[in-house]
Every structure is written in C-alpha cells, then in structure tokens.
Amino acid sequence: MHALGMLPAKSVAGWRIFMCAMGGCMNLRQIEAFRSVMRLGSMTAAAEVLFTSQPNISRLIAQLELSTGLTLFKRAGVRLIPTQEGQAFFQEVERAYVGLDSLKLSAKNIRNLGTGRLRVAAVPSTGLSMIPQVLKTFTESRPELTVSLHVNSSPTVEQWVKSQFCDVGIVVHPGDVDSDQIELLSEVAAVCVLPAAHPLARRKQITFTDLEGETFVSLCHGDGTRALVDGLFEQAGVERVMTVEAQYSAINCEMVALGMGITLAHPLVARDYRHRDIVIRPFVPQILFPTYVMAECGCIAAAPLLGDATYAACLAAGRQFFLPEDGTGVDVVRADEVVCRGAVEHDSAGGDQRATVGDHAHREADREAARQERRLEVFGGAGATHPF
C-alpha cells in the first residue's frame, strides 16, 4: 500500500500541504527546467537559457521528482543520465508543448484572420437573405475562415452575443446593450405585400385606412416588430382581421402568395418573393424597421470587418434593390424611401420631410464621418480594434 494510504485523512491533508511547501506540487517552472536539461544535456546549459543558476535547476528537478514520484535522472559524477521513466516523461512533456505551440499559432492566425471560426447570429429578416450574400463575399477573400450562421429572434441573438456564443449579432430591437457594443446599420421603410389578385394591388401605395377589415398575416405575439406594427394600427384606429401569424416574415410573405392575407414586411424579405403571385407597394406613413450590429469587446478580429461588410451591404441594398422598377414589372419602394441611418426626418407638425437622392448622399457622407469619429473616440485611434 502507498505510504499515504496508511495515514488518516487529516494526516494525508497535512502531508500534501507539507509536500507543496517543500516543492512537491508540480508546476510549469519545474517542467521547463526538466525539458531544458533533456534538450540541452546539462543543468548548466539549462540554467543559461532559463536565466537562472545551476543550483536552482537542480532544486527544480528534485522538486519535480518529488511531485511526480519518478526518478528522472541517474547521477554519474557531474553528468545526468535520463532514466527510462525520465525518457517516457519527456515524451509526454514534448507532446504537451507541441499542443501549446499549436495554440499559440492558432491565436496568431485568428488575430491575422488566417484561420478561426466566426460565429454570426442574425434575425430572420437579414439572416435569411442579406447576410448569406455578405458571407459569400466575405469568405471568398478569407478561405481559411470558418463561419457559422445562426438565425433566431432579436432577444435570442442579443443573448447569444452577450454570452459570447456568437461573435457578431444582427438585431432589430436591441434591449439593454452598452452603446459601445452596438451600432445602427440602417433603417428601411416597411412595404405592404399583397396577393396579386387583391383589389388593393391596383393602388400605388397603401395606407392604414386601406387595411381596415382586411385579413392580415402577422408576426407572432412577443415579436418586437409585431408590437410596433400593432401599436401603430391601434393609434390609427384601424382594425384588421387577424387569422394567422408566423414567426418569420418570410413565412408571412409565402402565405400572402397563397392568398391568405396581406402583410407588412422588411423590403429585404419581400424582394425574395417578387417571382411569386404578389405585389409590393410602399406603405404610408412610413414605418421604419431598424437594423443594428452588436458585438462584445474582445471578439475575434474578423468580427469588426464583418460588421463593416454588413453596413456596406445595407447601403448597397438601399441603392440596388429598392428601385422604382426592377425589370419584373413589380413596383418596389423607391430608392429615396430607403432610410439608411435615419435619412428621413419628421417636422414638428408630424409631417414627412422626404430627402432627395442628393440630400441623402450628402447626409450619408456626414453620418459616415460621424461614425468614424465616434469610433476614434471610443476605441482610441484609427488603428484601434473595435467590436464592429
């Protein structure tokens, strides 16, 4: 039986404390001393590379033998000869160091965007349409970067980023998030999606009162966008017939194509159904759907670049996807109705002040300058790492 097994519990605990006090607990310094002696062949050489003395190396080796219970060397005069136990233990130490070296290399590669996993979470309005397009371009220039995309509700995406389950999150209704961890990407005007055969499809635009008594396909209760839309209809005094609801706007657009009702949707979602038996009309007064990007500080280096790529895609969407005519015969919300970072304002009387295309470009340049200035303030310089 091992000597410790013959001692009562209190004595065993005391013996372990004594061993630690005498150097009996194995530590990295002892391993470094042992590895250097094995690689260089002498304690003197090991002491030189570790910037210590030969007696200190001897003491560290003795402590390691005590803590492991192994005889690592045989003494032959001033020479140390590794035992079989010492050789076997050295092989295990080398395996451990190979693993550490691999981790160091991986960390360097991740910092330099050479390899690594970027975990992206997004709400369905962007995660099922725009984000895959962003990721296609993003990964083509970073072939060694692995990206995983998760789609869920805005509160869930926010929680995933806060818990660092995901590195970057695209949300629409942020909750309690620090201002330096979230940034507004865009605001776009909701569009009305109708069955092509519906009488309202002949109109150039749809208003609240047009939908009085109409069958409406809605998002599920608890969704932030659902709450926003319901509140505005209630303020307008308009009652809809609510017979069906779904978790995602894409499902709602599919049900509209099947003739099950009318819906309001994010333009990015609606445009994916232009080939179906639907029409898309501007909805007035505008209901703005915001999109935010969020990330925790300390995220991997690819996260800020993906945030910038998503921002650029939002701007491109405003100029490319929402033109008056897109070649399919479907009227889509006009380019000047796409509100990127708040281009449409309201006067004190509640009237709509619509920006012209030229005004929009000028305002967008001002906002981009302010955005970069805020980054410098928050993250301390143009070369600083920022969370998005």
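Points worth noting:
- In sequence order, region 43-56 has phi-based couplings of 6, 5, 5, 5, 4, 5, 6, 9, 6, 9, 9, 5, x, 5 Hz under the Karplus curve 6.51 cos²θ - 1.76 cosθ + 1.60, θ = phi - 60°, and Gly or Pro positions carry x.
- Rough spin-label spacing in nm, given labels placed 7 Å along Cα→Cβ, for residue 85 and residue 66: 1.5
- Under 5 Å between amide hydrogens, built in the peptide plane, is the criterion, and for residue 119 it picks out 148, 167, 168 among residues at least 5 positions away or on other chains.
- Whole-Hz ³J(HN,Hα) from phi, Karplus 6.51 cos²θ - 1.76 cosθ + 1.60, for region 88-98, glycine and proline x: 5, 5, 5, 4, 5, 4, 5, 4, 5, 6, 4
- Protection proxy ranking for 285-291, 71-77, 125-131, 263-269, using the average of other Cβ atoms within 10 Å per residue and placing the highest first: 263-269, 125-131, 285-291, 71-77.
- With 0.36 nm allotted per residue and the present C-alpha distance subtracted, the residue 40-residue 221 stretch has 58.2 nm of extension available.
- Within the shell of other residues whose beta carbon sits under 10 angstrom from the beta carbon of residue 30, the net charge comes to +1, with Lys and Arg scored +1 and Asp and Glu -1.
We did not get these values from a lab; they are worked out from the coordinates using the rules stated. As the structure is a computational prediction, the values presented were derived from the model and not from experiment. Neighbour counts are summed over all protein chains in view; Cβ atoms, including those assigned to glycine, are modelled from backbone coordinates with ideal geometry.
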